[in-house]
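Data first, discussion second: the structure below is written as structure tokens.
Values in this text are rule-based calculations from the coordinates and carry no lab data. Note that the coordinates shown come from a computational prediction; the quantities given were computed from them, not determined experimentally. Cβ atoms come from the backbone with ideal geometry, glycine included; neighbour counts cover every protein chain shown.
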Amino acid sequence: MGLTIAQKIIKEHLVSGEMKVGEEIALRIDQTLTQDATGTMAYLEFESIGIERVRTKLSVAYIDHNTLQSGFENADDHRYIQSVAKKYGIRFSRPGNGICHQVHLERFGVPGMTLIGSDSHTPTAGGIGMLAMGAGGLDVAVAMGGGAYYITMPKMYKVNLTGKLRPWVSAKDVSLEILRILSVKGGVGAIIEWGGEGIKTLSVPERATITNMGTELGATTSIFPSDEITREFLKAQGREDAFVALESDPDAVYDRVIDINLSELEPLLACPHSPDNIKTARELSNVKVDQVCIGSCTNSSLRDMLRVAKMLKGKKIDDSVSMSVSPGSKQVLSMLADCGALSDILASGARVLECACGPCIGMGFSPNSAGVSLRTFNRNFEGRSGTKDGQVYLVSPEVAVASALTGYITDPRTLGDYVDIEMPDAFKIDDSAVLMPADPEEANSIEVLRGPNIKPFPETKPLENRIQANLTLKVGDNITTDHIMPAGAKILPYRSNIPYLSKFCFAVCDETFAQRAKEAEKSIIVGGSNYGQGSSREHAALVPLYLGVKAVVAKSFARIHAANLINAGILPLTFANPDDYDKCTQNTALSLENVYEGMKKGEIIMKNGNEDIKLVCNYTKRQIDILMAGGLLAYTKGE
């Protein structure tokens, strides 16, 4: 039986375990990336492990999230990360150099290698055939130290593409179509491979848009073959020597096959407040638009930006629309300036923001009260934009520009003839904003610079055999990490200060939670299906740890968040009978009995008054050991 692309890479990097679906496997990691919203904590964890230098082939620290320096906090974090990177052998991508996923795709990604990043959209690099996965910062820290990355062996899904995208339809519409088919939890436990004759019509930036959005499916990762289109992209980046051809075997077996005819797609939108709430642009033509944002790691490539500039050339955005454009990297911005496309964007009335995540994580450019904001981003979770009642739609660059010009959601096919663009044969190469680390012999003399906002990792304790705690919060389905630990300009600067950050935990759901949890000292949280979807931010586990959360009981969990809970020493448990969710009432006393034996058996009893509720878990021996130690950091230091 043949192997899929992902299975070939997994086999090549397998440290332990068997490649059987559902079994735990350990992978050797070639590359890591961090960004500044999660990086400070990841590097504090790396320092705690006590290893003198990173042991990966390449590790890069990007500054792209917290670039709004409205106080000392973000600047201090950047200085800390820069000093750690120099000391421990990590490349440092300076603020303004670009968004981690876009820059990594351009300058560092290698087909066939493994990459984990402390950002859930790390699968973007699957667009060039990397096995790239989002992970918690502690998992990244362990990988930088030479440790393996543990995952459950995923199922394999295949999406066969046929035909060719019609004018005004783009890769973003492919992403929205697969979300329509599978939903935000339809990819859980699976790697999605894209293939078929249709992929030959898609450039690397288009493929990267699709693998980026695969995160919203809950998938472990997404991947394209590495073919001649990949080679041409790497050649244009001056990195043809990194090319490796990769394809699945003709007799590879998939757990599910989905067919999409590119020729049949039309411009789509994801409506508030979920990436899988899909409608066509035609259906929404009467919706007034207040704001348009173009960029993010999903749609900020040179290809996207040239299309935007061509559509705006000689035109003005509607008077009622506020519009921003965020190029994905310094390379993209520089090339836009050199060819005159930047002037066309500026002349339209759009505002050009720096090469950073910006509005995507609520770092500025929030919409007006109840404002309709069309964004070429990957998430439209409630409140993520920074405006609690903002109505955010996810769209392609084509729909975004068409709507900015008219002031209403507009199907770009109504604009007339398609505007084609020409891509350059070679990209402008300038890696001067990526600072190299010091030589090993110099490292000892380098001082790590810490600001007053940088606080230690939360204290952990070994797991108790009996956990008695109040049910301090009950929430519903599809609770995101933005619900648990919000993003935004007011909160992100405190990502390295868990005690202060804790004040905002679950504020979107219940502004009283943090105070109640702190007073209770021990807590259990109950949730619905797909609990913890979204970002890989481990703060959504570390802050509950700080607040005394001992267990989260849900109908089901998102992959990365469940792993982060275990890493933090918090028990993720699922209802054996999902209907038992309805029996749990907030503020009641609960008790988890005989936890040690229950973890081994895969079944723990939760006493809810006079009633016993059966909970299930499927921990590996390693995960049990981590939980018993009080979390991955304590476990790693004790090995």
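How large is the convex hull of the Cα atoms of the range 523-567 per residue, expressed in Å³ as a whole number? Mind showing how you got there, number by number?
Values: hull volume 2.6 nm³, N = 45.
So the per-residue hull volume is 57 Å³.
Simple spin-label model, 7 Å along Cα-to-Cβ: E266 to M436 in nm?
Each label point lies 7 Å from its Cα, and together they span 5.5 nm.
Among DSSP beta bridges whose residues both lie in the range 467-632, state the antiparallel percentage, nearest 5. Please list the in-between numbers first.
On the way: 16 of 31 bridges.
Expressed as a percentage, antiparallel bridges in the range 467-632 total about 50.
Along its principal axes, what span do the Cα atoms of the range 5-264 show, with the longest given first and each in whole Å?
51, 43, 37
Once fully extended, how much extra length lies between V244 and D417, figured as 0.36 nm per residue of separation less the alpha-carbon to alpha-carbon distance? Write down the numbers at each step before the final one.
Values: separation 173, 0.36 × 173 = 62.28 nm, distance 3.82 nm.
Net length gain for the segment: 58.5 nm.
Quick one: helix 397-406 against the long Cα principal axis of the chain, what's the angle to the nearest 10°, folded into 0 to 90?
70 degrees
Pulled fully out, how much extra length does the chain show between K310 and E521, if you take 0.36 nm times their separation in residues and subtract their Cα-Cα distance?
Numbers: separation 211, 0.36 × 211 = 75.96 nm, distance 5.77 nm.
Gain on stretching K310 to E521: 70.2 nm.
Determine the distance separating the Cα centre of the range 152-167 from the Cα centre of the range 463-520; give it in Å without decimals.
Centre-to-centre (Cα) distance: 37 Å.
Relative contact order for the chain using alpha-carbon pairs under 8 Å, separation at least 6, rounded to a whole percent?
Over the chain, the number comes to 15 percent.
Take the alpha carbon atoms of the range 192-213, find their center, do the same for the range 562-580, and report the distance between the two centers in whole angstrom.
Result: 34 Å between the Cα centres.
Could you bin all the Cα-Cα distances of the range 109-200 into 5 Å bins starting at 0 and give me the percent of pairs in each, rounded to whole numbers?
3, 11, 17, 24, 19, 12, 7, 4, 2, 0
In percent, how large is the relative contact order of the range 467-632, given Cα pairs closer than 8 Å and 6 or more residues apart? The partial results should precede the final answer.
Values: 350 pairs, mean separation 39.6, N = 166.
Rounded, it is 24 percent for the range 467-632.
If you fit an axis through the alpha-carbon atoms of helix 72-88 and take the longest principal axis of the Cα set of the chain, what angle between them do you get, 0 to 90°, nearest 10?
That helix lies at roughly 80 degrees to the long axis.
So what's the net charge close to N378: Lys and Arg +1, Asp and Glu -1, counting the other residues with Cβ under 13 Å from its Cβ? Intermediate values should be presented prior to the final figure.
On the way: positive: K172, R375, R379, R384; negative: D119, E216, D276, D482.
Once all neighbours under 13 Å are counted, the net charge is 0.
How many nm separate the modelled label positions at E511 and D425, each set 7 Å beyond the Cα in the direction of the Cβ?
Here the modelled spin labels are 6.1 nm apart.
When only alpha-carbon atoms are used, what values of Rg and Dmax, in angstrom, describe the chain?
23.4, 73
Report the gain in length on full extension from S16 to I181: 0.36 nm times residue separation, minus Cα-Cα distance, nm rounded to one decimal.
Values: separation 165, 0.36 × 165 = 59.40 nm, distance 3.43 nm.
Residue separation times 0.36 nm, minus the Cα-Cα distance, leaves 56.0 nm.
In what sequence, highest mean first, do 50-56, 106-112 appear when ranked by Cβ atoms within 10 angstrom? Can you show the working numbers first?
Working: 50-56: 15.4, 106-112: 24.3.
So the peptides 50-56, 106-112, ranked by packing, come out 106-112, 50-56.
Nearest 5 percent is fine: what portion of the DSSP beta bridges confined to the chain is antiparallel? Each step should come with its number before you reach the end.
Numbers: 32 of 91 bridges.
Antiparallel bridges make up about 35 percent of those DSSP assigns within the chain.
What is the Cα centroid distance between the range 244-272 and the range 610-639, reported in whole angstrom?
The distance from the Cα centre of the range 244-272 to that of the range 610-639 comes to 37 Å.
Can you tell me the FRET efficiency between A337 and N610 if r is taken as the Cβ-Cβ distance and R0 is 60 Å, rounded to the nearest 0.05?
Details: r = 71 Å, r/R0 = 1.18.
The value I calculate is 0.25.
Cα extents of the range 467-632 along the three principal axes, largest first, in whole Å?
Result, largest extent first: 44, 33, 26 Å.
Given a cut-off of 30 Å, name the pairs among K288/K388; K172/K330; K11/K428 whose C-alpha atoms lie farther apart than that in the structure shown. Mind showing how you got there, number by number?
Values: K288/K388 19 Å; K172/K330 23 Å; K11/K428 36 Å.
The answer is K11/K428.
Based on the Kirkwood radius over alpha-carbon pairs, what is the Stokes-Einstein translational diffusion coefficient of the range 395-522 at 37 °C with 0.692 mPa s viscosity, in µm²/s?
Details: Rh = 21.4 Å.
Rounded, D is 154 µm²/s.
Of all DSSP beta bridges in the range 268-412, what percent run antiparallel (nearest 5)?
On the way: 5 of 18 bridges.
The antiparallel fraction comes to roughly 30 percent.
Hey, what angle do you get for helix 302-312 against the long axis of the chain, alpha-carbon based, 0 to 90 degrees rounded to 10?
50 degrees
Starting from the Cα of R466, step 7 Å along the direction of its Cβ; do the same at Y596; then give the gap between the two resulting points in nm.
It is 1.4 nm.
Below 8 Å between Cα atoms, with a sequence gap of 6+, how large is the relative contact order for the range 5-264 in percent? Intermediate values should be presented prior to the final figure.
On the way: 570 pairs, mean separation 58.4, N = 260.
Contact order relative to length: 22 percent.
Which of the lysines could a cross-linker bridge to K461, judged by Cα under 21 Å and excluding same-chain residues fewer than eight apart?
In chain and number order, the partners are K518, K522, K550, K600, K621, K637.
Semi-axes of the equivalent ellipsoid of the range 1-54: what are they in whole Å, largest first, if each equals the square root of 5 times a C-alpha gyration tensor eigenvalue?
Numbers: eigenvalues 179, 33, 23 Å².
Working through the eigenvalues yields semi-axes of 30, 13, 11 Å.
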